[in-house]
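Asker: Can you keep this structure in mind? I'll have questions shortly.
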Amino acid sequence: MLPVARNTPQTESTPTDADGPAFEQALAEVETIIQRIEEGRLGLEEQIAEYERGVRLLRRCRDVLTKAEQRVQEIDAELGRLDDVKRGE
């Protein structure tokens, strides 16, 4: 496995944790990774490690968004049932 870039500390809130980082934190980290790679100051191995971390973070973001979308759909369905009850249906 490739080493993680020196300037990207691994903390207890990595995307491999059960909960993972907050959506906003993960997105900010992805933006930082993109910037670091685009600067061209990293070696190839560091770029690959950063890319891999970025992919994990983006998966985390996608998972968070999917769960949020499902929750909104549940809330909408619940509100629809409440409206039906209020109208006597």
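Every number here is computed from the coordinates shown, using simple stated rules; none is lab data. Just so you know, these numbers come straight off a predicted model, no measurement behind them. A quick note on method: Cβ atoms are made from the backbone with ideal geometry, for glycine too, and the neighbour counts reach across all protein chains shown.
Asker: Which trypsin sites (Lys or Arg not before Pro) from the stretch 33-64 combine a DSSP loop assignment with at most 15 other Cβ atoms within 10 Å? Don't skip to the end; give the middle numbers.
Answerer: Values: sites: R36, R41, R53, R56, R59, R60, R62; in loops: R41.
Hits after loop and neighbour filter: R41.
Asker: About its Cα centre, how strong a charge dipole does the stretch 23-86 have in debye, to the nearest 20, once Lys and Arg get +1 and Asp and Glu get -1 at the Cβ? Spell out each step's value before the answer.
Answerer: Details: 11 positive and 16 negative charges, 30 e Å.
So the dipole magnitude of the stretch 23-86 works out to roughly 140 debye.
Asker: Across the stretch 81-88, in residue order, what do the Karplus-derived ³J(HN,Hα) couplings come to in whole Hz, using 6.51 cos²θ - 1.76 cosθ + 1.60 with θ = phi - 60° and x for Gly and Pro?
Answerer: For the stretch 81-88, the Karplus-derived couplings read 5, 5, 4, 4, 5, 4, 7, x Hz, x marking Gly and Pro.
Asker: Just need the relative contact order of the stretch 23-86 here, percent rounded to a whole number, with Cα pairs under 8 Å and 6+ apart. Each step should come with its number before you reach the end.
Answerer: On the way: 21 pairs, mean separation 26.7, N = 64.
Worked out over the stretch 23-86, it gives 42 percent.
Asker: Using 0.36 nm per residue of separation minus the Cα-Cα distance, give me the extension gain between L58 and D76 in nm, one decimal.
Answerer: Numbers: separation 18, 0.36 × 18 = 6.48 nm, distance 2.68 nm.
Gain on stretching L58 to D76: 3.8 nm.
Asker: Hey, if you put +1 on the Cβ of every Lys and Arg and -1 on every Asp and Glu Cβ in the stretch 23-86, which of A28, L79, A49 ends up farthest toward the positive end of that dipole?
Answerer: With unit charges placed on the Cβ atoms, the residue in question is L79.
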